[in-house]
Structures are given as C-alpha cells and as structure tokens.
Amino acid sequence: MKAYLFLAIAIASEIFGTSMLKASDGFTKLYPSIGTVLAFGVAFYSLSLSLQQIPLGIAYAIWSGVGTAVTAIIGIVIWKETASVSTVMGILLIIAGVVVINLKGTAH
C-alpha cells in the first residue's frame with residue numbers, strides 16, 4: 001500500500017505543478033516557475049517509487065486520469081475557465097476509463 005501513497009503524492013504534486021505552470025505565465029514569474037519545476041520533480045520521483053510495486057499501465061492510468069480530471073476541475077473553479085456539457089462528459093469518461101483499466105488489472 002506504500003506504493004499507492006507514493007502514487008497519491010505524485011498525483012498531488014503533478015496537479016500543484018500544473019497549477020503553478022498556469023500561474024507562471026509562460027515562466028515569466030519566478031516563484032510559480034520554481035514551484036512548477038519542484039512539483040514536477042517530486043511528481044516524477046514519487047511516480048517512479050510507486051512503479052516499484054504497481055504495474056506501469058495501472059499506475060499511469062491512475063496518475064494521468066486523476067490528474068487530468070482534477071486539473072480540469074481546478075481550471076474551472078480556480079482559473080474561471082468555461083465548462084460545458086462536453087467538458088463534464090470528458091471528465092466522466094476519463095474517470096470511467098481509469099476504473100475500467102483498474103478492473104482489468106485486478107482480474108487474474
């Protein structure tokens with residue numbers, strides 16, 4: 001289960017890094033730029049640790065799926081980006097895809 005903790009840290013760091021990337025305004029603002037680099041460093045390191053026990057396909061599906069869905073929601077809530085029915089459907093499909101991959105991954 002320690003591997004899933006590292007995966008959760010990787011997801012949280014990636015989400016934070018992506019938000020800082022938006023705040024960096026094309027790497028023109030120093031502190032958000034530093035936050036971006038540090039957060040992505042932590043994200044990739046934590047992901048690499050999770051891969052010691054979690055299969056690559058499962059870990060990457062969870063990491064990218066959750067990261068994409070939560071980042072889209074943050075874009076709407078924090079950055080006031082517009083949402084539409086297709087945005088919501090896309091987020092739901094991403095979540096469904098992660099669930100399906102994980103169900104297939106647990107079947108033996």
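Read-outs: derived from the displayed coordinates by stated rules, not from any lab. For clarity, every value in this text was computed on a predicted model and none was experimentally measured. Here the Cβ positions follow ideal geometry from the backbone for every residue, glycine too, while neighbour counts run over all protein chains shown.
Brief remarks on what is shown
- Were the residues from residue 29 through residue 56 laid out at 0.36 nm apart, the gain over their Cα-Cα distance would be 6.3 nm.
- Between residue 81 and 76, the built amide H atoms are under 5 Å apart, and every one of these is 5 or more places off in sequence or on another chain.
- Pairs of Cα atoms farther than 13 Å apart, segment 38-98, %: 67
- In terms of packing, defined here as the mean over residues of other Cβ atoms within 10 angstrom, the peptides 10-23, 47-60 line up highest first as 10-23, 47-60.
- 18 Å Cα-Cα reach of residue 2 towards aspartates and glutamates, excluding residues that sit fewer than 8 places from it in its own chain: none
- Dividing the alpha-carbon radius of gyration of the chain by the rule-of-thumb value 2.2 N^0.38 Å gives 1.15.
- The chain: angle of helix 2-23 to the longest principal axis, Cα-based, in degrees nearest 10: 20
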